[in-house]
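Worksheet: the structure to be examined is printed underneath.
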Amino acid sequence: MTKEVQEKLQDFLGQQLPEAMELLRRMVETNSFTANVAGVDEVGRLTAEAFDPLGFGAQVVPCADTRFGKHVVLTRKGTGNKTVGFVSHLDTVFPPEEEVANDFHWREEVHGGQTRLYGPGTVDIKGGTVVVYMMLSALAAVVPDVFEKINWVILLNAAEEDFVDDFKTLCLAQLPQKETLACLVFEGGRMLGDDYQLVVSRKGMARYKISVTGRGAHAGSAHHTGASALLQMAEIVQKVSTLTDYDRDLTFNVGVMHSGTVVNRVPHLAEAEVEFRTFEEDVFTEALISMKSLEGYSTIRSVKDDFACQTHIVQTHHNEPWPVNENTNHLLKIWQRAGQKIGREVWPESRGGLSDGNRLWDYVPTLDGLGPAGGNGHCSERAADGSKDQEYAVKDSFVPKALLNTLGLLELCRG
């Protein structure tokens, strides 16, 4: 690729930025909390409308879980047999009432010379979808031979924040394994000064619901007949917490616990929700075994007749780790060479949060963190003292990140 092509791409992306920011504003101003079906579907419609002039056809696919909106697949058939997939999602974690309560809306602010775009989904992940739009628009305008040759597939998850299972099935059906050069995931990308980090691995995660049944009793006249489910759960919670092992990047978190109704009654039921995360597959397997071993756990009994509390463990989510692997590293090296062309270093990042990449990396080569830079993902609160701030994307990161990605894509597609 010549320096002239690189300069033309950069010029095009710079001129396109106002249009791209207007698209992002429209997306962000549409609430698409996962459970807001109408809002999620509207963001899907806006996205399909934006890509239509580039020749992309749209297919809407109902989510298998009818509580949620529709997945969207945008495709453009090329003249060749190679495919590139782009993965983003339509939903956010912010209910409409939370946005109103925290005055969390689209706006531009300057902080220390940095222009920030605040609003729900600016960095997670509507900004990433806009980067895809910028990249493909630039390819179509500046390098049409590559744009016309490749089969482009854009996959938009309606309920990524709820870990719906059917989106993986949809992706596998749309990305032919032997012909797919890459699956590119557009979660936000962190920066180290002027350098970039791209995600090459992610922790796996499993979630559980723990239920303890005991026996209720009057707290005054019949306390000795009761078996407190709350006390049993308190012991289990501590046992689970001790499984955390920072040296192995294994964390257990008891995030929710409920028990009891009134203070003059021995609690007969307790429930808790737990998740663990880790990078290593063998550590993940050990953690699964540790949680399974708690099934039937019982140490709290009634003084009267030895009636025992009983513990029941149900796994509600299971997402295997995305480990460092050869195929992802191959993509990283391509993007590192692209970075050298624009004077930027590109570094690998292992991230604790999940993405759809966890479910796709072992099927097709996958690289993540290709969206804009930003911060405070999943945060809607702001404090006057600066101790809390809302989600934002860095406006000045869109053009350079789109350029980096486009240069990487060109090398990948030209092979």
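Quick notes
- Pairs meeting the criteria (first residue in the range 81-101 and under 20 Å from Val199 (Cα atoms) and surrounded by 17 or more Cβ atoms within 10 Å (Cβ to Cβ), second residue of a type in the set (D, E, K, R) and modelled with pLDDT of 95 or more, beta carbons under 6 Å, at least 6 apart or on different chains) are Val87/Asp356; His89/Glu160.
- None of Leu243, Leu231 is at pLDDT 95 or above, in a loop (DSSP other than H, G, I, E, B), surrounded by 15 or more Cβ atoms within 10 Å (Cβ to Cβ) and in the same structural domain as Ser293 (by TED's automatic domain parsing) except Leu243.
- Unique residue being over 26 Å from Ala373 (Cβ atoms) and of a type in the set (A, V, I, L, M) when the list is Ile125, Ile150, Ile154: Ile150
- Residue match in the range 6-28 (condition: farther than 14 Å from Lys126 by Cβ, assigned to a helix (DSSP H, G or I), modelled with pLDDT of 95 or more and under 21 Å from the mean Cα position of the chain (by Cα)): no
- Residue check for Glu326: loosely packed, with under 13 Cβ neighbours inside 10 Å, out of contact with any helix residue (DSSP H, G or I) (no Cβ under 6 Å at 6 or more places or on another chain) and assigned by TED's automatic domain parsing to the domain that holds Ile154: yes
- Residue match in the range 49-66 (condition: touching a Lys or Arg at 6+ places or on another chain (Cβ under 7 Å), in the same structural domain as Gln340 (by TED's automatic domain parsing), farther than 17 Å from Leu139 by Cβ and in contact (Cβ under 8 Å) with a residue 24 or more places away in the chain): yes
- Taken over the range 368-392, the residue count meeting the criterion of being surrounded by 24 or more Cβ atoms within 10 Å (Cβ to Cβ), of a type outside the set (A, V, I, L, M) and either over 16 Å from Phe94 (Cβ atoms) or free of Cβ contacts under 8 Å to residues at least 40 places away in the same chain (or both) is 4.
- Condition met for Val73 (touching a strand residue (DSSP E or B) at 6+ places or on another chain (Cβ under 8 Å), of a type in the set (A, V, I, L, M), within 30 Å of Val364 (Cα to Cα) and surrounded by 18 or more Cβ atoms within 10 Å (Cβ to Cβ)): yes
- Any hit, the range 31-47, residues being hydroxyl-bearing (Ser, Thr, Tyr), surrounded by 15 or more Cβ atoms within 10 Å (Cβ to Cβ), part of a loop (DSSP other than H, G, I, E, B) and at pLDDT 95 or above: yes
- Selection status of Ala141, more than 27 Å from Cys379 (Cβ to Cβ) and either in contact with a strand residue (DSSP E or B) (Cβ under 9 Å, 6 or more places away or on another chain) or at pLDDT 95 or above (or both): yes
- Checking Val364, Val324, Val314, Val394 one by one, the residue that is within 17 Å of Lys126 (Cβ to Cβ), in contact with a strand residue (DSSP E or B) (Cβ under 7 Å, 6 or more places away or on another chain) and not aromatic (Phe, Trp, Tyr) is Val394 and no other.
- All positions within the range 306-338 that are in contact (Cβ under 8 Å) with a residue 60 or more places away in the chain, more than 23 Å from the chain's Cα centre (by Cα) and more than 30 Å from Glu411 (Cα to Cα): Phe307, Ala308, Cys309, Gln310, Thr311, His312, Ile313, Val314
- Filter result for Asp124 (farther than 26 Å from Thr406 by Cα and either of a type in the set (Gly, Ala, Ser) or within 24 Å of the chain's Cα centre (by Cα) (or both)): no
- Just one residue in the set Lys168, Lys178, Lys149 is basic (Lys, Arg), surrounded by fewer than 22 Cβ atoms within 10 Å (Cβ to Cβ) and free of Cβ contacts under 8 Å to residues at least 12 places away in the same chain; that residue is Lys178.
- Filtering the range 233-254 to residues that are of a type in the set (D, E, K, R) and touching a helix residue (DSSP H, G or I) at 6+ places or on another chain (Cβ under 7 Å) leaves only Arg248.
- Breaking point among (1) within 24 Å of Lys401 (Cβ to Cβ); (2) modelled with pLDDT of 95 or more, for Thr2: (2)
The values are calculated or read from the model by the stated rules, or taken from the named source; none is laboratory data. All values reported here derive from a predicted model rather than from experimental measurement. Glycine gets a Cβ as well: all are built from the backbone with ideal geometry, and neighbour counts include every protein chain shown.
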